[in-house]
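The values are calculated or read from the model by the stated rules, or taken from the named source; none is laboratory data. Computed from a predicted model, the values in this text were never measured in an experiment. With ideal geometry, Cβ positions are generated from the backbone for all residues, glycine too; neighbour counts draw on all protein chains shown. Only protein heavy atoms, including side chains, enter the accessible area calculation; ligands, DNA and RNA are left aside. Shrake-Rupley method; radii C 1.70, N 1.55, O 1.52, S 1.80 Å.
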Amino acid sequence: MTHLQKKIALISVFASVCIITFVVLTVNDVFKKIVEDQIKEHTKLKLNSEVYKNWKEPPVPAYMQFFFFNIENPEEILQGKQARVVEVGPYIYKELRNRSNVLMFDNATISAVTQKSFVFQRNMSVGDPKKDFITTVNIPFVAMLQSLKSGGMAQKLILSFLFVLKNSMIFQSLSVEELLWGYEDPLLKLGQKLLPSNFPDSRFGLFYGANGSDDGLYLFNTGKKNYMDFTKIIMWNGQKSLSWWASNTSNMINGTDGSTFHPLINKDEALYIFAPDICRSLNVVFEKEVQVKGIDAYRFTVPREIFEMDNLKKEGFCPMRNCCLTGVLDISICKKGVPIIISSPHFYNGDQKLVNDIEGMKPDAITHQTFLDLEPNAVIDNKLAVKLRKVLHTMKVVTYIPYIILWIGILLFLITLVLLFFMCMYREKKEYTPVSVKLPNIKAH
């Protein structure tokens, strides 16, 4: 065997090894599994780990956007005419979260409370919450009417007095700051003096007491035993389930608190979130692939059936038969009887009657759909986006290694073919090259 033939044989062996290696690695997803195993190992709550630090003090900024409906025709409404509203906002607050009172246990669980505080972002908002006023329903007044209905003689007398004031008290104008964070209400102050057991606080606000507070004590799974259980809620305020609703299913505490999810999310799975603000768990499902600041992400949305009336009745979210229409959920049962009904903005995905009854409702999927973009699972700033892009790029490169090996094998195989071709051409030329013979010079005499 010539030196060239040895080289060709060696190159062909390397080409074959590369192609075989590619097949083995691809069939068994070796590098993908290596990356996934590293992610699974990395995504566990361990003291002083990066994951733990990010879980304890989330680096991803969260923003709360508040919109209000300003009632334009309160006097006409009192005359029985249709309500007319105009949307005002957003008033945007940066939500600062951090976990405190953290305790790690040996059974792969960790307990903590989530402290929340809100900082107004003037440059992102439409106005000044201290100076901008909203005309809206007098919620404390309506709540008092509701709570006094089932009382004794004293409650009935107060209720009669309030009904006399109904037309003058049903609407009120307050600043955005008062509506959100609280103000002292004269009616509640009076109620506190007359019936302190019914009215323990004289202040009211949609988020009164929420700034600088927490929403309860959680017991989470660390994900140590199974990455799929990462930060799932095991108990909330010492309870494994709720007690407000009419069935075991509706009272279940499912999923995480929405700030974190397990790694390696699959498009086909439903992700569960427990939201104490709305007193229940709900799920989100995959809708489409999107990009957030150059990062590939999965968009998960709240399915329409979550707030469908038939589904609410079936799942047990209608205690006392208080299901109104599709698109709304009465949560007064978990708000101390205060008549509060939640819905998507502008009654998106709700019964058309809700939209028609109030002038100014303009439901739109792009603007009013509730969704999560994972990864990441929320708004991310540019600095963190750059860092995350680098990490994801490295992960992609690792998973491309089998294909790099394949192309090396194909290249070596092509080189082998070229060398064989030239070697064959060289042999043919050598075998068939005519031999010139010099004949003696013969002279005739």
- Query: Scanning region 266-281 for residues that are within 23 Å of residue 236 (Cβ to Cβ) and touching a residue at least 24 places away in the same chain (Cβ under 8 Å), which turns out surrounded by the most Cβ atoms within 10 Å (Cβ to Cβ)?
  - Reply: 280
- Message: Kindly evaluate residue 313 against the criterion of being under 18 Å from the mean Cα position of the chain (by Cα), open to solvent by 20 Å² or more (accessible area, probe 1.4 Å), charged (D, E, K, R) and farther than 27 Å from residue 362 by Cβ.
- Response: no
- Message: Just to be sure I understand, how many residues within region 215-264 are among the charged types (D, E, K, R) and free of Cβ contacts under 8 Å to residues at least 24 places away in the same chain?
- Response: 1
- Which of (1) in contact with a Phe, Trp or Tyr (Cβ under 9 Å, 6 or more places away or on another chain); (2) within 26 Å of residue 138 (Cβ to Cβ) does residue 341 not meet, given it meets every other one? (1)
- Task: Residues being without any contact (Cβ under 8 Å) to a residue 60 or more places away in the chain, under 30 Å from residue 52 (Cβ atoms) and of a type in the set (D, E, K, R): count how many of those fall in region 81-106.
- Result: 4
- Please work out which one of (1) of a type in the set (Val, Ile, Thr); (2) assigned to a strand (DSSP E or B); (3) open to solvent by 20 Å² or more (accessible area, probe 1.4 Å) is the condition residue 284 fails and give its number. (3)
- Task: Report, by residue number, each residue of region 305-331 that is part of a helix (DSSP H, G or I) and either at pLDDT 85 or above or aliphatic (A, V, I, L, M) (or both).
- Result: 305, 306, 307, 309, 310, 311, 312, 313, 314, 315, 320
- Task: Name every residue in region 357-369 that is surrounded by fewer than 18 Cβ atoms within 10 Å (Cβ to Cβ) and within 27 Å of the chain's Cα centre (by Cα), in order of residue number.
- Result: 362, 364, 365, 366, 367, 368, 369
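Every residue, every condition in (1) touching an Asp or Glu at 6+ places or on another chain (Cβ under 6 Å); (2) open to solvent by 20 Å² or more (accessible area, probe 1.4 Å); (3) of a type in the set (Gly, Ala, Ser); (4) more than 24 Å from residue 204 (Cα to Cα), yes or no:
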position	(1), (2), (3), (4)
104	no, yes, no, yes
107	no, yes, no, yes
114	yes, no, no, no
124	no, yes, no, yes
130	yes, yes, no, no
133	no, yes, no, no
- Within region 42-69, restricting attention to residues that are assigned to a strand (DSSP E or B) and open to solvent by 30 Å² or more (accessible area, probe 1.4 Å), which residue is farthest from residue 374 (Cα to Cα)? 69
- Query: Out of (1) closer than 20 Å to residue 247 by Cα; (2) more than 26 Å from the chain's Cα centre (by Cα); (3) crowded, with 17+ Cβ neighbours inside 10 Å, what's the single condition that is false for residue 354?
  - Reply: (1)
- Task: Of the conditions (1) more than 18 Å from residue 329 (Cβ to Cβ); (2) open to solvent by 20 Å² or more (accessible area, probe 1.4 Å); (3) in a loop (DSSP other than H, G, I, E, B), residue 235 clears all except one; give me its number.
- Result: (3)
- Cβ-Cβ under 6 Å pairs, at least 6 apart or on other chains, region 167-192 side among the β-branched types (Val, Ile, Thr), far side at pLDDT 85 or above: 170/138; 176/91; 176/129; 176/132
- Pairs, please: C-beta under 9 Å, at least 6 apart or cross-chain, first residue in contact (Cβ under 8 Å) with a residue 12 or more places away in the chain and in region 127-144, second open to solvent by 50 Å² or more (accessible area, probe 1.4 Å) and polar (S, T, N, Q)? 133/173; 134/173; 135/173; 136/173; 144/198
- Item | Subset of region 184-216 [of a type in the set (A, V, I, L, M), out of contact with any Pro (no Cβ under 9 Å at 6 or more places or on another chain) and either closer than 19 Å to residue 106 by Cβ or open to solvent by less than 70 Å² (accessible area, probe 1.4 Å) (or both)] | 195, 210
- Do the conditions hold for residue 138, that is, is it crowded, with 17+ Cβ neighbours inside 10 Å and touching a helix residue (DSSP H, G or I) at 6+ places or on another chain (Cβ under 8 Å)? yes
- Item | Failed criterion for residue 5 (all others in (1) modelled with pLDDT under 85; (2) loosely packed, with under 13 Cβ neighbours inside 10 Å; (3) polar (S, T, N, Q); (4) closer than 26 Å to residue 264 by Cβ hold) | (4)
- Item | Wholly within region 81-192, strands (runs of 3 or more DSSP E) carrying at least 2 residues that are in contact with a Lys or Arg (Cβ under 6 Å, 6 or more places away or on another chain) and either aliphatic (A, V, I, L, M) or modelled with pLDDT of 95 or more (or both) | 109-120
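Answer yes or no: is there a residue in region 336-357 that is aliphatic (A, V, I, L, M) and farther than 27 Å from residue 86 by Cβ.
No, that holds for no residue.
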